[in-house]
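Written out below as structure tokens is the structure these notes cover.
Values quoted throughout were computed directly from the atomic coordinates according to the rules given, and no laboratory measurement underlies them. Being a predicted model, the structure only gives us computed values, none of them experimental. When we count neighbours, we look across all protein chains shown, and the Cβ atoms used for this are built from the backbone with ideal geometry, even at glycine.
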């Protein structure tokens, strides 16, 4: 399915989001992931995580670039604390199963003041200890990822009612941005799976290799560690 960005009607008319064209929720169990960032979680029978094809990557990237200001405003803004943003992104990552995003955002969450046990709980989709102010956003983040970026109107109305339109848009933007990162990271894992003899379906060696190469160059010139 082609990724689309659209504006919802009525009370959700100002919320803009990208939708995606399989992976079950699981526990990636940080902080252990900080010690094993290069290990891919690969299904022995088949590679079952969601990942980019060339066409879905192209369409998602076009929408992301077109609305980059909206997303960057969320990441630089202070309507949501840095710690809260990391919690949202960890919840989405827990569903999509990206070990690279889990490693990186567990590290950032630690640096933002979140304790290791809280990170572990969120990465296991355990929100029992989450504050009442943050629980609706994390539940929405889980639903957003599990619905493959097709959250229900009821869930969108719920976060608008609880947080207001501006904060709801920020929560949605956090979900969108990390989903892009998750699927990109899972494409790297898909290439690693292919090299180990488990080729992901409906994808090509050269696109996966390009993503893998880009990631290698990116990590070399950025402060990944």
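In nm, to one decimal, how far is the residue 153 label point from the residue 58 one, both placed 7 Å along Cα→Cβ?
3.3 nm
What ranking of 138, 55 emerges when the number of other C-beta atoms within 10 Å of each C-beta is taken as an exposure proxy, fewest first?
55, 138
Among 143, 157, rank each residue by its count of other Cβ atoms within 10 Å, from fewest to most, as a rough exposure measure.
Lowest to highest Cβ neighbour count: 157, 143.
Would you mind ranking 170, 133, 82, 59 by Cβ crowding within 10 Å, fewest neighbours first?
133, 82, 59, 170
Subtract the Cα-Cα distance of residue 206 and residue 65 from 0.36 nm times their separation in residues, and report this length gain in nm to one decimal.
Difference between extended and current length: 48.4 nm.
Relative contact order (percent) for the stretch 34-220, with alpha-carbon contacts under 8 angstrom and 6 or more residues of separation?
35 percent
What's the extension gain from residue 75 to residue 133 if we count 0.36 nm per residue and subtract their Cα-Cα distance?
Going from the current span to full extension adds 19.0 nm.
Expressed in nm to one decimal, what extension gain is obtained for the pair residue 46 and residue 112 from 0.36 nm per residue of sequence separation less their Cα-Cα distance?
Gain on stretching residue 46 to residue 112: 20.1 nm.
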